[in-house]
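Following: one structure in structure tokens, then a few remarks.
Derivation of every value follows stated rules applied to the coordinates shown; laboratory data play no part. Note that the structure is predicted; figures quoted are calculated from it, not measured. Quick reminder, even Gly has a Cβ in these numbers, built from the backbone with ideal geometry, and neighbours come from all protein chains shown.
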Amino acid sequence: LLGARPRFDHYGRLAGAELIPLPELGRPRIDVVMTLSGIFRDLLPLQTRLLAEAAWLAATADEPEAQNFVRAHALAYAAKVGCDLET
């Protein structure tokens, strides 16, 4: 739904996330709610980091807000609380 896929290093190891370009995705990026239990947080930190990186990339992508609801909602929330996205 975020329009992201895993990114692998040159050894084939999971190294993070990358956004699928909107033309290739063929639809808008959709907001998601991720609920992680403690077992995922404690035992699978790389997967948790992957999800966080995918959300950050979507929120900071230079894309039209009409095609990236993650960015639109992140910017609206940042404006509401008076901070930038990094904060």
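Residues whose amide H lies under 5 Å from that of E18, counting only those 5 or more places away or on a different chain, are R5, R7; hydrogens are built 1.01 Å from N in the peptide plane.
Size descriptors for the chain (Cα atoms only): Rg and Dmax, in that order, 14.0, 43 Å. Measuring between their Cα centroids, region 54-87 and region 7-26 lie 20 Å from each other. The slack in the chain from S37 to E53, taken as 0.36 nm per residue of separation less the alpha-carbon distance, amounts to 3.9 nm.
Just to confirm the number: angle between the C-alpha axis of helix 69-81 and the first principal axis of the chain, 0 to 90 degrees, nearest 10? So the helix axis and the longest Cα principal axis differ by about 70 degrees. Sorted ascending by nearby beta carbons within 10 Å, beginning with the fewest, V33, V70 become V33, V70. Here the sum of -39500 (n - 2.57) over DSSP H runs of 4 or more residues, divided by the residues of the chain, equals -13000 deg cm²/dmol at 222 nm, to the nearest 500. Residue-normalised convex hull volume from the C-alpha trace of region 30-74: 60 Å³ per residue. When only Cα pairs below 8 angstrom with a gap of at least 6 residues are kept, the chain shows a relative contact order of 28 percent. Charged side chains reduced to their Cβ positions (Lys and Arg at +1, Asp and Glu at -1) give the chain a dipole of some 260 debye around its Cα centre.
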